[in-house]
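Engineer: First the structure, which I've put down as structure tokens, then a few questions once you've had a look.
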């Protein structure tokens, strides 16, 4: 998914001071696009916290009536230095990218795209989708791997039952389940659904920090409650997290954890780099490489092109927003 902000801020992200208790990270609403702009709830990054492990971007959307908003309409756009993690609860999204991958994102199935040195992709909700509901997550790649070759993987994790809860582990290891998906940092990602009024103990790595994204219902962690779109954050040092559902309806959440990233990154629009000048270069490469396509050329990418050959199905791509006039101070 693209960052739809028309004037995205340049953000220098680093490890933030770690609170000793559960902290609820609120969200802000951002229009994604489409004829009437599908809204998404963005809870990461924000002023109080830039990263949870290597997780650097969290958008939560839906349940969205596609007939009212037009659904997900995100033409070809670029990424660098990250992995996109697409996870749906309802609906279907068609994915195409410049590695040649063509796939569908479906509920309970992971699509993960490694941008590495550069990739371009598009995402559109399918014609059969009436309600769209899911999360789009980004993972920052560490310095040693951020220029790796771009790629795409799909994984359908098994559904397991843990003390009455429904669990799908899509990244890392949790509850004895391990995902085979390629990762470049020590991470965990899982969907957990609790029945109304129930609770679940989650044994976690105390070297990780964790964010629990509430999807439906009311999520309670150590007497702190979060509503859909909010993240309950816990710093390192926690080995067991007890989550509780409200008394009236089931609660579904995403467990997002990882070792503190330990590096500073500059994130602007859909790019992650290490300096302002590097991000400027990523933008210039995109604008230059998309220009022939906008003029009707379907030729293969020129040798050395950062973002690869665009899919034949694309008839247009997203232009990059204008750069900020000033460098912003670092966060964290």
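Taken together, the values in this text are just the output of simple stated rules run on the coordinates, not laboratory data. The structure displayed is predicted, hence computed values, not measured ones. Using ideal geometry, Cβ is built from the backbone for each residue, glycine included, and neighbour counts are taken over all protein chains shown.
Engineer: Mind checking the full-extension length gain between residue 163 and residue 195? Use 0.36 nm per residue of separation minus the Cα-Cα distance, one decimal, nm.
Structural biologist: Extra length from residue 163 to residue 195 when fully extended: 10.5 nm.
Engineer: Follow-up. Pick from 270, 147, 111: which is most flexible by mean-square fluctuation in a GNM of the chain where alpha carbon atoms under 10 Å apart are linked?
Structural biologist: Judging by the Gaussian network model, the answer is 147.
Engineer: Extending each Cα 7 Å along its Cβ direction at residue 21 and residue 153, get the distance between those two points in nm, one decimal.
Structural biologist: Each label point lies 7 Å from its Cα, and together they span 3.9 nm.
Engineer: Which peptide among 38-50, 241-253 comes first, and what is the full order, when sorted by highest mean count of other Cβ atoms within 10 Å?
Structural biologist: For the peptides 38-50, 241-253, the packing ranking is 38-50, 241-253.
Engineer: Follow-up. Using a Gaussian network model on the chain with a 10 Å cutoff between Cα atoms, which of 115, 196, 135 fluctuates the most?
Structural biologist: Among 115, 196, 135, the largest GNM mean-square fluctuation belongs to 196.
Engineer: What is the fewest-to-most order of 161, 191 by other Cβ atoms lying within 10 Å of their Cβ?
Structural biologist: Lowest count first: 161, 191.
Engineer: Rounded to the nearest 5, what % of DSSP beta bridges with both residues in the chain are antiparallel?
Structural biologist: Taking every DSSP beta bridge with both residues in the chain, the antiparallel ones total about 95 percent.
Engineer: Within 10 Å of each residue's Cβ, count the other Cβ atoms and sort 124, 61 from fewest upward.
Structural biologist: Taking fewest neighbouring Cβ atoms as first place, the list is 124, 61.
Engineer: Still on this structure, I have one more. Rank these for me by crowding, 84, 182, going from fewest to most other beta carbons within 10 Å.
Structural biologist: 182, 84
Engineer: Let me ask something else about it. Between residue 224 and residue 67, what is 0.36 nm times their sequence separation minus the Cα-Cα distance? Round to one decimal in nm.
Structural biologist: 52.9 nm
Engineer: Let me test this: with uniform point scatterers at the alpha carbons of region 15-258, what is the Debye-based log₁₀ I(q)/I(0) at q = 0.10, 0.15 1/Å?
Structural biologist: So the normalised log intensities are -0.44, -1.05.
Engineer: Let me ask another. Which semi-axis lengths, in whole Å and largest first, follow from the square roots of five times the eigenvalues of the Cα gyration tensor of region 143-228?
Structural biologist: Those come to 27, 16, 12 Å.
Engineer: Please give, to one decimal in nm, the separation of the simple spin-label points placed at residue 248 and residue 47, each 7 Å out from Cα toward the Cβ.
Structural biologist: Reported label-point gap for residue 248 and residue 47 is 3.2 nm.
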